[in-house]
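Before any comments, here is the structure.
Every read-out reported here was derived from the displayed coordinates using simple, explicitly stated rules and does not represent laboratory data. Computed from a prediction, not measured in an experiment: that's the story for all the values here. Using ideal geometry, Cβ is built from the backbone for each residue, glycine included, and neighbour counts are taken over all protein chains shown.
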Amino acid sequence: MITTILTDIEGTTSSISFVKDVLFPYARERLPAFVETHADTPEVQHWLHEAAKEAGLVSATQQELIELLQGWIDADRKSTALKALQGMIWKDGYASGEYHAHVYPEVPARLRAWKAQGKRLYVYSSGSVAAQKLFFGHSEAGDLTALFTGWFDTETGPKRATESYQRIAAAIGVPAGEILFLSDVVEELDAAQAAGLQTTLLARAPGSCPAEGRHRCVADFDAVDAG
């Protein structure tokens, strides 16, 4: 029996294009000014240091760090430091109403239905926990954060590593087999399945479910079997 649902965001609850065409360019454009005006903030200092360490830089100028981070944005690098800094920048855009996070139309009602059935809902995304809360707190469907019990990001571990899902199951405190993981990335689902989680592949494009696959495949949340 499934008691807990763990969901990815990009490509699963929400369109990839919103992240790539709205959020990434917004962060890239504002990154230089953000770093210049917040470089003395302890939290920003911490993540700039972590980015430099990740890149193997013993010392780096502020401009070199900016260019490094912009390059990582262009490459969609799954860096915890980058994601944390992006989340801080996105906060301003959400607060000012410059954009609202996209969610697929059936997602809010399905999340509410699962919660009403007593299932616990969690998010696991490469975006920072802070960015996840901003995303669902400023969605096109309103503030959805109250629907979720908890949040996980890459500080837990890489999304394609089995150990990450083992840690999540331990943190949630339920048997892995009671957790259903939803994602649009097969390699993530493979890792979750190896950790004992149940899995479902979201293939939003018509006819894009594999003819044969290791994971149940559906086109939207209404077709997810969470029984």
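Structure note, pairs K78/K133; K20/K91; K119/K159; K20/K115; K20/K119; K133/K159: Cα-Cα distances above 26 angstrom occur for K20/K115; K20/K119. Placing a label point 7 Å from the Cα of E98 along the Cα-to-Cβ direction, the residues of segment 132-161 whose backbone N falls under 19 Å of that point are 132-140. Placing +1 on the Cβ of every Lys and Arg and -1 on the Cβ of every Asp and Glu, with no other charges, gives the chain a dipole of roughly 620 debye about its Cα centre.
For segment 18-96, the Cα-based Rg and Dmax, in that order, read 11.7, 37 Å. For semi-axes √(5λ) of the Cα gyration tensor in Å, the listed values are [x] 31, 19, 16; [y] 28, 20, 17; [z] 25, 20, 17; which was obtained by calculation from the structure presented? The value matching this structure is [x].
With both residues required to sit in the chain, DSSP beta bridges show an antiparallel share near 5%.
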